[in-house]
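Undergrad: Would you mind keeping the following structure in view while I ask a few things?
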Amino acid sequence: LSHQLSDANRQLVTRSRTDELTGLLNRSALREDFPQITGPRTAVAMLDMDDFKAVNDRFGHERGDMVLGSLGHTLAHQFGAPNERCYRYGGDEFLVVARDVSEEDFVAKLDEVVRLHTQSAQPGDSESISVGYCYGAVENERNLRSFLRVADDNLYAAKSGGKNRVIGQVFRPGASEADQAD
């Protein structure tokens, strides 16, 4: 009975940290993981599906759910190493966190996610993704929050610059957030 109860508790914890639609970690997991996301070679990326609302409006939420699930699968496949985590951040927004990686390898994986998603898109689906990232040393939670803001700013720069773009930068400690966005 004790073993069954422990097993059931583990399953509940896993389910409480997992987005049911995509199989990725959810915002609750991110809140729990936040204090442990530190390191000198850390990369954070925000991904957003461009014009995703049009898929739901034209083809229904079931099709939209399939598109989100497909992107979740692609992210989990590309960023499946023990030092990498993928989260469903919001409706059609995703977050990738990788520690102990080079910027070049991280960007290459992001480019591959964009390529695979575009290649697998059905007619009428949201075929493009905008990606913003930040790379550098994360020393503490406050620093990580700055990383997320910079990645988000870069995401909006990617969206305004066209479709299927990956835009990012190296984090400069001590620079103001306005300077980081330049």
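The values are calculated or read from the model by the stated rules, or taken from the named source; none is laboratory data. A quick note: this is a predicted structure, and the numbers were derived from the prediction, not measured. Each accessible area value is taken on the protein alone, full model and side chains, heavy atoms only, with ligands, DNA and RNA left out. Shrake-Rupley method; radii C 1.70, N 1.55, O 1.52, S 1.80 Å.
Undergrad: Percent relative contact order of the chain, based on C-alpha pairs within less than 8 angstrom and at least six residues apart?
TA: Reported relative contact order: 26 percent.
Undergrad: Of the heavy-atom accessible surface of the chain (probe 1.4 angstrom), what whole percent is carbon and sulfur?
TA: 49
Undergrad: So which lysines pass the test for residue 53, namely a Cα distance under 21 Å, with those fewer than 8 places away in the same chain ruled out?
TA: Correct list for residue 53: 159, 163.
Undergrad: Still on this structure: Kindly provide the helix-only [θ] at 222 nm of the chain, computed as the sum of -39,500 (n - 2.57) over DSSP H runs of four or more divided by all residues, to the nearest 500 deg cm²/dmol?
TA: -16000 deg cm²/dmol
Undergrad: Provide the descending list of Cα extents for the chain along its principal axes, expressed in whole angstroms.
TA: Principal extents (largest minus smallest coordinate, Cα): 58, 43, 24 Å.
Undergrad: Quick one: what are the phi-derived ³J(HN,Hα) couplings along the stretch 111-117, Karplus 6.51/-1.76/1.60 with θ = phi - 60°, whole Hz, x for glycine and proline?
TA: For the stretch 111-117, the Karplus-derived couplings read 4, 5, 4, 4, 4, 5, 5 Hz, x marking Gly and Pro.
Undergrad: Let me ask another. Could you grab the Rg to Rh ratio for the stretch 3-98? Cα atoms only, Kirkwood for Rh.
TA: 1.03
Undergrad: Something else: Pop out the ³J(HN,Hα) list for the stretch 79-93 in order, Karplus 6.51 cos²θ - 1.76 cosθ + 1.60 with θ = phi - 60°, rounded to Hz; leave Gly and Pro as x.
TA: Along the stretch 79-93, the couplings run 10, x, 6, x, 8, 10, 9, 10, 10, 7, 8, x, x, 10, 10 Hz.
Undergrad: While we're here: Starting from the amide H of residue 167, placed 1.01 Å from N in the peptide plane, find each other amide H under 5 Å away whose residue is 5 or more places distant or on another chain.
TA: Residues meeting the amide H criterion: 131, 132, 133.
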